[in-house]
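Please treat every number below as a calculation from the coordinates, not as lab data. These numbers were taken from a predicted model, which means no experiment stands behind them. Please note: Cβ atoms are built from the backbone with ideal geometry, for glycine as well, and neighbour counts cover all protein chains shown.
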Amino acid sequence: MNMTYRAMLGATVALTLAGAALAETTITVATVNNGDMIRMQGLMDDFYAKHPDIKVDWVTLEENVLRQKVTTDIATKGGQFDVMTIGTYEAPIWGKQGWLVSLNDLPADYDVDDLLPAIRGGLTVDGNLVAAPFYGESSMVMYRTDLMEKAGLTMPEAPTWAFIKDAAAAMTDKDAEIYGICLRGKAGWGENMAFLTAMSNSFGAKWFDADWKPQFDQQPWKDTLNFYLDLMNNYGPPGASSNGFNENLALFQQGKCGMWIDATVAASFVTNAKESTVADKVGFALAPDNGLGKRGNWLWAWNLGIPAGSQKIDAAKTFVAWATSKEYLALVAEKEGWANVPPGTRSSLYANPEYQKVPFAKMTLDSINAADPTHPTVDEVPYVGVQFVAIPEFQGLGTMVGQLFSAALAGSSSADDALAQAQAAVTQEMTRAGYIK
Amino acid sequence: MARKSSAGKTAAVTIAAWTIGFLIFFPILWIIILSFKTEGDAIKSPLAVLTSGWTLHSYAEVQERSNYALHFWNSVVLSLGSTVLALVIAIPAAWAMAFVPGKRTKDLLMWMLSTKMMPAVGVLVPMYLLFRDLGLLDSRAGLTVVLTLINLPIVVWMLYTYFKEIPGEILEAARMDGANLRSEILYILTPMAVPGIASTLLLNIILAWNEAFWTLQLTTKAAAPLTQFIASYSSPEGLFYAKLSAASTMAIAPILILGWFSQKQLVRGLTFGAVK
């Protein structure tokens, strides 16, 4: 009797322990709706085969909705998400607040040293890797090789702004609805201001001086904005003040743009024959410069971070390590082809001879390497970030200035007025926020 | 002659009404058209969009990627639940304001309406903290209460306007016949105000169905309604217009059908009392 009782008790304990070992941990991942993230959701079988004890619930949202939602959740320690997709703007700010779990203890085979230095640098706060990059991008010139040839010009690998202007003039044929250049005009800190801030770096402009005093009243910003307006008003498409990435992508794919300077990720779209009418006529070049030592390209990455409030940190780390690993890149290459591998995160990808055959691979890497978020401008500045300033106030400031510049492009104000208003508004906000004493 | 001129006027008004109606409906029509196109065709010029082939591909992909049934069910529960709850609170409140007004009734009504003027994002963090502490994040119960509260001022106002049109003498007569308060509201007032209540109900369902701030902020998965279903297909980097249109069509179709079938009731309710 006693033996039977003990045996039953032992079996119960063993079963309970086994059950606990097999218990499934469900993690919730918040992410943006872009091609790479959707592709990953279709490749989850590989993760489940390796980690049958972890289940992943996806919450996919539009970028701005996601940003607001995860910011609220992480700031209030709401605990709704175990993994968040965050940009290079949020990562250093949230990392400084202690809101993100350090990823310094990822397994050795993760090979953290393989991450591209420019990208890794933007995600490291006080020696801690606070998010792991899923894909990285810069910006570059995408141009129509046939129109360039017709204009009798040859695009250099590293063009100047003066060449871009000449080429835009030569390629424009408004009667045939072909516009020499398509650039962002839609207002927003991540829309026109991403482009204009990066462009201003190459003109020697900066948002703030060492004392956080706004610099919109200085000559380099006047040169930047006047050059941009001149380019767009003469050679840009009509209604450009409402054009963002998607609108310009549609125009380029329909053959209406001679050149388009935008995210390197666009290269895979414009060379995709299924969607682009000019897929076989696209060339790539570095973003332009003015000979001042800085190019007009930005640096951005979508990264996976774990909020400090998560109750499932171990499972979340396992997922992050898988999603940003070398093995995942190989998995995408095997299932979807090399052109669809998430770009811009690992050196080993660019050393791979197969990946080197992808037409935009080299230019993407060169563009990423040409950006330096810690020294973004010609002069020294007190902030980090190429196309943004990594301070919490920038989202509001960037959008406010973006609206003023977008209005100047729409013709409802002059460049001088827009700059004067930007100077006054940003000075007021920075004083209120305590940066200007 | 007069008849001819009157017929001409009617025709002109009819054409104008149809034109305005078409212009208002056009964006929705365009979404529906794009949802039956490939991503490549969806970004072409309007004429090329109309002449290109038709496909159900986007619907198939959306169906495969998302749990439409769950989002749909959440939308139904949230909009119906919040509407019923709002009516239960608003009918007695509107009765009191319409038939036994106090000195401050008008001020009270204005104050209720003024709460609608505050930007929702202003109370996002306190609301989020409350929901977190009460364990209501991503729950249908919590969101039902929020939707009830944000639509309550409009519901009370609409019902108050309808109730004001009902002669108080009828209620007095009922009271003299021995009807208590409950019977008065349930058997006299409510049946007389049915068109008004019905239109309030329909309008509130539409408002709750379309609410896209709190439903996005306070839910993640389990309680997420169709607004989140649409938001998951919008992308600033990548042209997914056909899929976004398919998701939007699937999200608005139920409320569009409801609106179509109940338009008579809706119009009758909204113009109730206007000609008196």
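Okay, here's what the table says:
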| quantity | calculated |
| --- | --- |
| Charge dipole (segment A:97-165, unit charges on Cβ, about Cα centre) - positive-most of A:TYR110, A:MET140, A:TRP99 | A:MET140 |
| For A:52-59, mean number of other protein chain Cβ atoms within 10 Å | 2 |
| Whether segment B:67-232 is rounded, prolate or oblate, judged on the alpha carbon gyration tensor where a/c under 1.5 counts as rounded | prolate |
| Sites B:ALA173 and B:SER6, calculated FRET efficiency, Cβ-Cβ separation with R0 30 Å, nearest 0.05 | 0.10 |
| Order of A:HIS375, B:HIS71 under a 10 Å beta carbon neighbour criterion, fewest first | A:HIS375, B:HIS71 |
| FRET efficiency, B:LEU134 to A:THR26 (Cβ-Cβ, R0 35 Å, nearest 0.05) | 0.95 |
| Degrees, to the nearest 10: B:124-133 long Cα axis against longest axis of chain B | 80 |
| Whole-angstrom gap from segment A:195-241 to segment A:404-437, using each part's C-alpha centre | 12 |
| Full-extension gain in nm, A:LYS335 to A:ASP53, via 0.36 nm per residue minus C-alpha separation | 99.1 nm |
| Footprinting exposure proxy for A:SER102, B:SER82 (fewest neighbouring C-beta atoms within 10 Å first) | A:SER102, B:SER82 |
| For residues of B:237-244, the mean tally of beta carbons on other chains within 10 Å | 6 |
| Cα centre as origin, Lys/Arg/Asp/Glu Cβ charges: segment B:84-234 dipole, Debye | 300 |
| Residue (of B:SER183, B:LEU149, B:LEU218) at the positive-pole extreme of segment B:67-232, dipole from beta-carbon charges | B:LEU218 |
| Degrees, to the nearest 10: B:68-99 long Cα axis against longest axis of chain B | 20 |
| Lys/Arg +1, Asp/Glu -1 at C-beta; chain B dipole; positive extreme among B:SER199, B:ALA16, B:ILE32 | B:ALA16 |
| MRE, 222 nm, helices only [DSSP H, n ≥ 4, -39500 (n - 2.57), over chain B, to nearest 500] | -22500 deg cm²/dmol |
| At most 15 other Cβ within 10 Å, DSSP loop - GluC sites (Glu not before Pro), segment B:24-121 | none |
| GNM result for chain B, Cα springs below 10 Å: residue of B:ASN180, B:ASN74, B:ASN204 fluctuating most strongly | B:ASN180 |
| Using alpha-carbon coordinates, inclination of helix B:2-34 to the longest axis of chain B, degrees | 60 |
| Residue exposure sequence - A:MET259, B:MET97, B:MET117, A:MET148 - by fewest surrounding Cβ within 10 Å | B:MET117, A:MET148, B:MET97, A:MET259 |
| Highest-MSF residue in chain A out of A:ASP105, A:ASP73, A:ASP175 [GNM, Cα springs under 10 Å] | A:ASP175 |
| Charge sum, other residues only, whose C-beta stays under 13 Å from A:LEU66's C-beta, Lys/Arg counted +1 and Asp/Glu -1 | -3 |
| For residues of A:62-71, the mean tally of beta carbons on other chains within 10 Å | 4 |
| Prolate/oblate/rounded call for segment B:183-243, Cα gyration tensor, a/c under 1.5 rounded | prolate |
| Per DSSP, loop GluC sites (Glu not before Pro) in segment A:351-422 with at most 15 further Cβ within 10 Å | A:GLU380, A:GLU393 |
| Efficiency of FRET between B:ALA60 and A:GLN97 - r from beta-carbon atoms, R0 45 angstrom, step 0.05 | 0.55 |
| Radius 11 Å from Cβ of A:LEU304, net charge of other residues (Lys, Arg +1; Asp, Glu -1) | 0 |
| Per-residue HN-Hα couplings for segment B:237-246 [Karplus 6.51, -1.76, 1.60; θ = phi - 60°; Hz; x = Gly/Pro] | 10, x, 8, 10, 5, 5, 5, 4, 5, 5 |
| Magnitude of the charge dipole, chain A, Cβ model with Lys/Arg +1 and Asp/Glu -1, debye to 20 | 500 |
| Segment A:335-371: trypsin sites (Lys or Arg not before Pro) falling in loop per DSSP and having at most 11 other Cβ within 10 Å | A:LYS357 |
| Segment A:124-144 and segment B:227-259: distance between their alpha carbon centers, rounded to Å | 30 |
| Per-residue HN-Hα couplings for segment A:126-132 [Karplus 6.51, -1.76, 1.60; θ = phi - 60°; Hz; x = Gly/Pro] | 6, x, 9, 6, 9, 7, 9 |
